[in-house]
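A short write-up of the structure that comes next.
The values are calculated or read from the model by the stated rules, or taken from the named source; none is laboratory data. Not measured: the values here are computed from a predicted model. Cβ placement follows ideal geometry from the backbone for every residue including glycine, while neighbour counts extend to all protein chains displayed. SASA here: full protein model, heavy atoms, side chains in, ligands and nucleic acids out. Shrake-Rupley method; radii C 1.70, N 1.55, O 1.52, S 1.80 Å.
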Amino acid sequence: AQHRVKIFSFLLMIISSMELLTLMTLFVGVQSEENPYGYGGGGEVPPGNPTDTPPSSSSQNNNMQIRTWQNSDYADAVISAFGFYVALLGIKATTENTLKLAKQYFACIIVAAIATNCYYYYLNVQQEERFVQQNNKPIDQNQLYTDAFAGILLPLTVWVLCVIRAYQFQSLIREAEQEAE
């Protein structure tokens, strides 16, 4: 149980840190249209292979849309930072093997699981609504929410496994402390 909690904690730490780095990149911002490469004067090609043809601005705008910072990203940043904290707490709990840390980790992993799944469900509902509006289809609310829920089934399953392993870990530590007394 200890090794499984440690593995899940490392996985959560990697996922949370990647999400935080992505959010930091979004928060810093996107370069302006006149200077898409962020170098020198407007339209200058960045250093590289001089035989490469520079991308045309029309093909760049059609192929790639760069997402900007949104208000929902604040919630994502808080959830990801909390997930990183929970991951570190799980690693510490498996290193020190105290009941207090195991209980803290168990409680925090439940909160992180609920917050993350609710946030991604909210994002999926918004995405489904945008898709329906772009295609001018009538909105079937049940199908909309079902499709949004189907989008979080795999992460929800992983979170349930994390919670189960955290519960088993703290139960084993509790039993070990009771036997030691």
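Here are some notes:
- Taking 0.36 nm per residue of sequence separation and removing the Cα-Cα distance, the Thr68/Lys137 pair yields an extension gain of 22.1 nm.
- Applying 1/(1 + (r/R0)^6) with R0 = 41 Å to the Cβ-Cβ distance of Leu153 and Glu179 gives a FRET efficiency near 0.60.
- Rolling a 1.4 angstrom probe over the protein heavy atoms with all chains in place gives the range 76-181 an accessible area of 61 Å² per residue.
- Heavy-atom accessible surface of the range 88-145: percent carbon and sulfur, 1.4 Å: 56 percent
- Within straight-line reach of Lys100, meaning a Cα separation under 25 Å, sit the following lysines at least 8 residues removed in sequence or on another chain: Lys6, Lys92.
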